[in-house]
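Right, one structure below, let's go through it.
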Amino acid sequence: MKTQEVISSVIDAQKEDIDKTPEGLLREILDDIPVIENFCSIITGIRRCGKSTLMLQILKRSKGKSLFLKFEDIRLSGFETSDFARLNSEIERRDVKILFFDEIQIIDKWEIFINQKLNEGYLVFITGSNASLLSKELGTHLTGRHLSSELHPFSYTEFLAFKQLNNNVESFNDYLQIGGMPEYIKNNRGAILQHLVDDILYRDIAVRHNIRNVNALREMTVYLVSNIGKPVSARRLTGLFGISSTSTVTDYFSYLRDSYVIDFVPQFDYSVKAQSRNPKKVYSVDLGIFHQIKTTFTEDYGRQLENAVYLHLRKKHKEIYYFNKTGECDFVVMNKGKPDSCVQVCYRIDDLNMKRELGGLKRALDYFGMNEGVILTYNQSDLFEDEGTTIKLIPAWKYMV
């Protein structure tokens, strides 16, 4: 339980910090964050990807008096549901109409309080680092009254802007090695990302889901991140890392995805049942994290390039699959259930892999009745035309800007 005095002093102290904090790099998603009266705008994403900074940027552009409160402040440790009444008194006393709450989901029954403020006509913004935790509670009390946005680590274009680099193959190579986590880009200390992953595994997953064998969770995480771009399935991993239950492996997959450590791409099939049954390709949410915790000893540049392309596509599209029917294509992008584009990724096209890479893409294009596709490379450009089908080779660093 917190006293009125403590809550008030924390709000004042955080406001003082905000006033001194520079806006930083304006995020590409900034203008797309919905600002609608009587709606709660939710911003989710992996820890330390810049959600608080984005909220600060929204706050400084908002019209009207606002209040900001970060609930992970140590001074608010022990904040209880009953303390929302005291917070409400502070909101009314300060005569604000726009509310910014950072990581509010750590407080029990937070969604009831948010629903109350929406009913009273407040404009509300909240951030969170766990997708399912937010969606479950929002679905209970805020159905139809919230709009969600995902914030990712820096895109390649944001990386260029942050580092003040020109777009060329050297800059792109830096991005493949460093990734997009702001603090790591700024300080270049691997411990930042290693500790970040440990925080997520222990605080956001193990504690919340009462997982006792945290070492098994960590070993599985390292394995998945080390195998980016490869198909994985819960059934095939059952028995490894001391986990004997397929359902437990499936749960761990879900926890890691909800915490934005990894993501999965399903194999395309018009049958939803077949999609759920087939192995899914795994990708890291950030290439910096991949380099810091991977256990592979060979540099698979093709997988790194594929992961970077996936992260680029994921920021723009919600329906992404891989194709594997008599040939493989890395990404099939759908739009409202209809094929939009087919994208193959190959670090370098040569005589040994040309037939396989072009053939896999061509089969995907034929399957979907399309006549143009792209192969994204590290630094090759070319054009292939065959029987009415056009395939362009484009350097990924040109495609991703």
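Observations on the model:
- Over the chain: helical MRE at 222 nm, DSSP H runs n ≥ 4 each giving -39500 (n - 2.57), nearest 500: -12500 deg cm²/dmol
- Residues considered: ASP12, ASP340, ASP32. Largest GNM mean-square fluctuation over the chain, using C-alpha springs under 10 Å, is found at ASP32.
- Taking a ≥ b ≥ c as the square roots of the Cα gyration tensor eigenvalues, the stretch 1-135 comes out rounded, since a/c falls below 1.5.
- Annotation for the stretch 190-229 versus the stretch 378-399: alpha-carbon center distance of 38 Å.
- From the alpha carbon centroid of the stretch 246-314 to that of the stretch 150-185 is 20 Å.
- Hull-based mean projected area of the stretch 176-322, where the convex hull spans the alpha carbons, in square nanometres: 9.0 nm²
- Rounded percent of accessible protein surface that carbon and sulfur make up, the chain, 1.4 Å probe: 48 percent
- Share, in percent, of DSSP beta bridges within the chain that are antiparallel, nearest 5: 40 percent
- For the stretch 109-123, the Karplus equation 6.51 cos²θ - 1.76 cosθ + 1.60, evaluated at θ = phi - 60°, returns couplings of 6, 4, 5, 5, 5, 5, 4, 4, 5, 5, 4, 8, x, 7, 9 Hz by residue, with Gly and Pro reported as x.
- Rounded tilt (10° steps) of 246-258 against the dominant C-alpha axis of the chain: 70 degrees
- Here the alpha carbons of the chain define both size measures, Rg and Dmax, at 22.8, 75 Å.
- In this structure, the amide hydrogen of GLU328, modeled 1.01 Å from its nitrogen in the peptide plane, lies closer than 5 angstrom to those of GLY360, counting only residues at least 5 positions away or on a different chain.
- Solvent-accessible area per residue in the stretch 48-106 equals 44 Å², computed with a 1.4 angstrom probe and all protein chains kept.
- Sorting the segments 386-397, 276-287 by their mean number of nearby beta carbons within 10 angstrom, highest to lowest, gives 276-287, 386-397.
- Our coupling estimate for the stretch 25-38, obtained by passing each phi through the Karplus curve with A = 6.51, B = -1.76, C = 1.60 and θ = phi - 60°, is 5, 5, 6, 4, 7, 3, 6, 9, 5, x, 10, 9, 4, 6 Hz, Gly and Pro reported as x.
- For the stretch 185-229, the solvent-accessible area with a 1.4 angstrom probe is 51 square angstrom per residue.
- Charged side chains reduced to their Cβ positions (Lys and Arg at +1, Asp and Glu at -1) give the chain a dipole of some 600 debye around its Cα centre.
- Cα-based equivalent ellipsoid, the stretch 22-99: semi-axes from gyration tensor eigenvalues, Å: 23, 17, 12
- Dipole-positive endmost among LEU176, ILE200, TYR255 within the stretch 156-292 (Cβ charges, Cα centre): TYR255
- Heavy-atom accessible area per residue - the stretch 254-310, 1.4 Å, Å²: 40 Å²
- Span from the the stretch 22-73 Cα centroid across to the the stretch 87-115 one, whole angstrom: 15 Å
The values are calculated or read from the model by the stated rules, or taken from the named source; none is laboratory data. Please read these numbers as outputs of a predicted model, since none were measured by experiment. Here the Cβ is made from the backbone with ideal geometry for all residues, glycine too, and neighbour counts use every protein chain on show. In case anyone asks, the SASA skips ligands and DNA or RNA and just uses the protein heavy atoms, side chains included. Shrake-Rupley method; radii C 1.70, N 1.55, O 1.52, S 1.80 Å.
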